[in-house]
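To start, the structure under review is shown below, and the notes come after it.
The values are calculated or read from the model by the stated rules, or taken from the named source; none is laboratory data. In this text the structure is predicted, and so the values were computed from the model without any measurement. Using ideal geometry, Cβ is built from the backbone for each residue, glycine included, and neighbour counts are taken over all protein chains shown.
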Amino acid sequence: MNFTLKVWRQRGAGERGRFVIYPARDVSPAMSFLEMLDVLNQQLVLKGQEPVAFESDCREGICGSCSLVINGIPHGPDRGVATCQLYMRRFTEGTTITIEPWRAKAFPIIRDLVVDRGALDRVMQAGGYISSNTGGAVDGNTILIGKDRAESAMDAASCISCGACVAACKNASAMLFVAAKVSHLALLPQGEPERATRAKALMKAMDREGFGSCGNQYECEAVCPKSISVHFIAAFNREFLRATVAEPGPLTEIPSDPHAEFR
Amino acid sequence: MIALDSKVPSGPLETKWDRHRFTEKLVSPNNKQHIKIIVVGTGLAGASAASTLGQLGYHVDCFCFHDSPRRAHSIAAQGGINAAKNYQDDGDSVARLFYDTIKGGDFRSREANVYRLAQVSTQIIDQCVALGVPFAREYGGQLANRSFGGVQVSRTFYCRGQTGQQLLLGAYSALCWQIERGQVAMHPRTEMLDLIVIDGHARGIVARDLVSGKIAVHTAQAVVLATGGYSNIFYLSTNATGSNVTATYRAWKQGAAFANPCFTQIHPTAIPPSEEHQAKLTLMSESLRNDGRIWVPKEASDRRSPDQIPEAERDYFLERRYPRFGNLVPRDVASRAVKAICDEGRGVGPVGHGVYLDFSDVIAREGLGLVRERYGNLFDMYQRITGEDAYEVPMRIYPAPHYTMGGLWVDYNLMSTIPGLFVVGEANFADHGANRLGASSLMQGLADGYFILPYTIGHYLATTKNGPISHDHAEARIAADRVTMRTTKLLQGNGRRTAASFHRALGRIMWNACGMARHRAGLKHALQTIPPLRHDFWREIAVPGSGESFNQELEYAGRVADFLEFAELLCHDALHREESCGAHFREEHQTVDGEPVRDDKGFAHVAAWEHVPNGAPILYKEPLTFEFIKPAMRSYQ
């Protein structure tokens, strides 16, 4: 198969980027999209040119490294797969394929198609965990968890932190990512004690990192390689309301003078 | 000169670890805050170690070459994690998990280490549940189990087909907590390129910032390597494209012994290779063998499509040869049987490198819905890669390099032959002997990181006077210069060949000479062909760009350069081991039926190799004594 590749090249965050056209000839339909780029890069390297920088690692759709916007869609035309699981037989012979990086304020470009997704890690560090020390955990069967609940938690936990949801959103919101993380732990009894603080902390961290707000357009679900449902966004909204309005939790900040307002 | 003292405590097997923990010295809480530990790698072993050390009060500098610690290749483990919980009341126990693991490893591992692994396995499950790992549950709310990879009890815990990812997310979330608390400083996109040894102790690393290209010295009181395995030496493997031997290999060059490098595991159930530019082999979980039946046509000339071949003309060769275990024989046994069938010309698929893995029986028996629930994501993955629907036509599978049992030599405390250098997870050699059973790599990684290293490193720190060292200490400067010189040299090739082409060439040599089956002549030939290839590499390598910027080709070329050196060590080890054991199959040592012949008189030892600058590596042997069990011949017939 033959294609024309229109690839975004940019030397760094502070520099201007542009599209560069490369031909891709004699591509085997059994090749993965990234293997097709590997071949292009080999050719560039032998010409003494710098190869197109892009990220990948496991190449089986689970590590979340790969992150290409292909013909305008994060992870390309197939539903429920990451870029690395996309095969060339999926494309029409002779067409032009446009390849861009994730574009979001919170994801500065490092080079070409590689962006810095450290913001997702920092959101997780703000509270996306259960504060449980190593050692002393009770037997795993002491707290029973119904199968349906465990399966729902697993649905949410299957997020691979690739950031496609952010790249697809016109507001560059990380709502689906954060909702999946919050829902996973909120569904489990082990996550209960920190449920409210976690919802609030992650919402705050998401805003701090420069992600936009959710506009309920569901582009995120459509591109998610794990097909994580936007129902978790609704669940997260409920968690957040529950944490802030319905059950603000025990008083943690007692006003210095409780009668101040009457004076 | 290397001294191999395993430091295994004496006395009864069952109480060794408890007694050892009691005799280990502790570091007082006040002192912990003055101690810095470097952890390299953030897979299961590294993330669990870094988070636990942070929780204990140490300051941890944690490094990974990925953009995020959550991407390490532990995520790709699909099947599950073993633990001797005996929730199914089917006869499991710590003793049985111990026995299965040491037998599965073909009696080439230490009794004491393996017993400890089985002991802490039960704690791992509890710990992971506490961290929010969504293990599969029964309707009543209890944890579900399945039988997995060559054992007769159901002791494997799982999270659909992504157990590794969920366990890693558990460890990663614990790490996130410690980062938030300020106990762990995370350095993503930073690759360790050398080890700093001062006065015989590991005191730091030299690492390259992969974004800026800056080479920097990081010092500490101890260094923990959790940098995984080296299956990518075969070019095509199930490992991630970034997985490499660099950290452990550089530690070897600084004096750490490397043990049993030739014990490399080939996984029987990967999707067969299809074309030249393929970058990796994708694994299909071994759990598929629980329900799928493996077969090929009886006649080599049979080219009919599988549904046209009647039952009587199919050869279910694993069930035929191993009636007791059938399709569930250990990985090495299954892989060799598959290769043998394909070598006979009875393989299926476009290039004849494949056998059928057929689910029609289980679909007929238990229904499509159940099979979809159990393996849905794997069937989807298979369809994407091959374009075939495995619910309708049988899958095709072929063996692929998958895991390396060999690694840096460590004693019972997980410390290498360099004091202060600890090695955990796949990067060490300790627990799997000559072959690893399914669902035990996750177990070992987390056992090392959560429950073993945090104790044993304390004793080293409490009994060693390691004052602070400055970043421009002479040894640190020498190590940093080594890295800078090497990086510069990689950029000076004449640009005729890419790193990938050298990697492919090396992979071919290694797969043919040192893959599933090895023999003397092939290994000797490989030892003659590797040095010229390496020579060509340094002359012709093409690495564009500079060392002072984000340069993926430079990173890759450096890793290939280390593989090109390490390959020789692997061949030396395979050549020395004149027996067939576990995953190491020497064609000279087999029965007339093609079964491996182990030699307990000559080779019941760990082979630990010492680096000699500009010379052949020196072999040291740690004898393996079996006080508590009797090495039996591994027979799955």
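Scanning segment B:171-191 for residues that are in contact with a Leu (Cβ under 8 Å, 6 or more places away or on another chain) and either more than 30 Å from B:Pro134 (Cα to Cα) or among the hydrophobic types (A, V, I, L, M, F, W, C) (or both) yields a total of 6.
One residue stands out in segment B:383-411 among those that are of a type outside the set (Val, Ile, Thr) and closer than 16 Å to B:Val224 by Cβ: the one that is surrounded by the most Cβ atoms within 10 Å (Cβ to Cβ), namely B:Leu408. A:Ile97 meets each of the listed conditions (1) more than 9 Å from chain B (Cβ to nearest Cβ); (2) assigned to a loop (DSSP other than H, G, I, E, B) apart from (2). Checking each residue in segment B:377-394 for being in contact with a Lys or Arg (Cβ under 8 Å, 6 or more places away or on another chain) and in a helix (DSSP H, G or I) picks out B:Asn377, B:Phe379, B:Thr386. Do we have any residue at all in segment A:114-129 that's part of a helix (DSSP H, G or I), within 8 Å of chain B (Cβ to nearest Cβ) and surrounded by fewer than 19 Cβ atoms within 10 Å (Cβ to Cβ)? Yes, some residue in segment A:114-129 is part of a helix (DSSP H, G or I), within 8 Å of chain B (Cβ to nearest Cβ) and surrounded by fewer than 19 Cβ atoms within 10 Å (Cβ to Cβ). Taking segment B:597-637 as the range and being acidic (Asp, Glu) and assigned to a strand (DSSP E or B) as the test, the residues that pass are B:Glu610, B:Glu622. With respect to the numbered conditions (1) within 8 Å of chain B (Cβ to nearest Cβ); (2) within 23 Å of A:Ser227 (Cβ to Cβ); (3) hydroxyl-bearing (Ser, Thr, Tyr), which one is the sole condition not fulfilled by A:Thr134? All conditions are met except number (2). B:Pro268: under 30 Å from B:Leu421 (Cβ atoms), more than 11 Å from chain A (Cβ to nearest Cβ) and under 22 Å from the mean Cα position of the chain (by Cα), yes or no? Spelling it out, it is not the case that B:Pro268 is under 30 Å from B:Leu421 (Cβ atoms), more than 11 Å from chain A (Cβ to nearest Cβ) and under 22 Å from the mean Cα position of the chain (by Cα). Residues in segment B:67-82 that are under 18 Å from the mean Cα position of the chain (by Cα) and in a loop (DSSP other than H, G, I, E, B) were compared, and the one that is surrounded by the most Cβ atoms within 10 Å (Cβ to Cβ) is B:Ala72. Quick one: would you say B:Leu564 is touching a residue at least 12 places away in the same chain (Cβ under 8 Å) and either assigned to a loop (DSSP other than H, G, I, E, B) or over 16 Å from B:Ala499 (Cβ atoms) (or both)? No; evaluated as a whole, the condition is false for this residue. Examine segment A:16-38 for a residue that is within 7 Å of chain B (Cβ to nearest Cβ), surrounded by fewer than 18 Cβ atoms within 10 Å (Cβ to Cβ) and in a helix (DSSP H, G or I), and state whether such a residue exists. No - not one qualifying residue is present in segment A:16-38.
Go through segment B:172-224 residue by residue and tally those that are within 14 Å of another protein chain (Cβ to nearest Cβ) and either modelled with pLDDT under 95 or in a strand (DSSP E or B) (or both). Residues flagged as within 14 Å of another protein chain (Cβ to nearest Cβ) and either modelled with pLDDT under 95 or in a strand (DSSP E or B) (or both) within segment B:172-224 amount to 7. When only residues in segment B:141-167 that are in a strand (DSSP E or B) and facing another protein chain (nearest Cβ under 10 Å) count, which is surrounded by the most Cβ atoms within 10 Å (Cβ to Cβ)? Step by step, filter segment B:141-167, then rank; the result is B:Phe157. Hey, can you tell me all the residues within segment B:89-111 that are assigned to a helix (DSSP H, G or I), closer than 12 Å to B:Val151 by Cβ and among the charged types (D, E, K, R)? Passing the criteria: B:Arg96, B:Asp100, B:Lys103. A Cβ distance below 8 Å, combined with a sequence gap of six or more or placement on separate chains, defines the contacts here; from segment B:511-539, residues that are closer than 30 Å to B:Met485 by Cβ reach residues that are in a helix (DSSP H, G or I) and among the polar types (S, T, N, Q) in the pairs B:Ala526/B:Asn512.
Of the residues making up segment B:373-398, those that are over 29 Å from the mean Cα position of the chain (by Cα), away from every other protein chain (no Cβ under 13 Å) and at pLDDT below 90 number 0. Go through segment A:39-87 and give me each residue that's more than 10 Å from every other protein chain (Cβ to nearest Cβ), in a loop (DSSP other than H, G, I, E, B) and either among the charged types (D, E, K, R) or over 20 Å from B:Glu553 (Cβ atoms) (or both). Passing the criteria: A:Asn71, A:Gly72, A:His75, A:Gly76, A:Pro77, A:Arg79, A:Ala82.
Between B:Val129, B:Val120, the distinction of being of a type in the set (A, V, I, L, M) and more than 9 Å from chain A (Cβ to nearest Cβ) belongs to B:Val120 only. Listed by position, the helices (runs of 4 or more DSSP H) enclosed by segment A:131-243 that each have at least 2 residues that are closer than 16 Å to B:Leu169 by Cβ and within 14 Å of the chain's Cα centre (by Cα) are A:147-157, A:175-186.
Just checking, does segment B:560-575 include any residue being among the aromatic types (Phe, Trp, Tyr), more than 14 Å from chain A (Cβ to nearest Cβ) and more than 27 Å from B:Tyr398 (Cα to Cα)? So far as segment B:560-575 goes, no, none of its residues is among the aromatic types (Phe, Trp, Tyr), more than 14 Å from chain A (Cβ to nearest Cβ) and more than 27 Å from B:Tyr398 (Cα to Cα). The set of residues from segment B:170-210 being touching an Asp or Glu at 6+ places or on another chain (Cβ under 8 Å) and closer than 28 Å to A:Arg11 by Cβ comprises B:Met186, B:His187, B:Pro188, B:Arg189, B:Thr190, B:Glu191, B:Val206, B:Ala207, B:Arg208, B:Leu210. Could you tell me whether B:Val114 is within 14 Å of another protein chain (Cβ to nearest Cβ), in a helix (DSSP H, G or I) and crowded, with 20+ Cβ neighbours inside 10 Å? In short, no.
Scanning segment B:581-634 for residues that are of a type outside the set (D, E, K, R), farther than 26 Å from B:Ala3 by Cβ and in contact (Cβ under 8 Å) with a residue 12 or more places away in the chain turns up B:Gly582, B:Ala583, B:Phe585, B:Gly594, B:Pro596, B:Val597, B:Ile629, B:Ala632, B:Met633.
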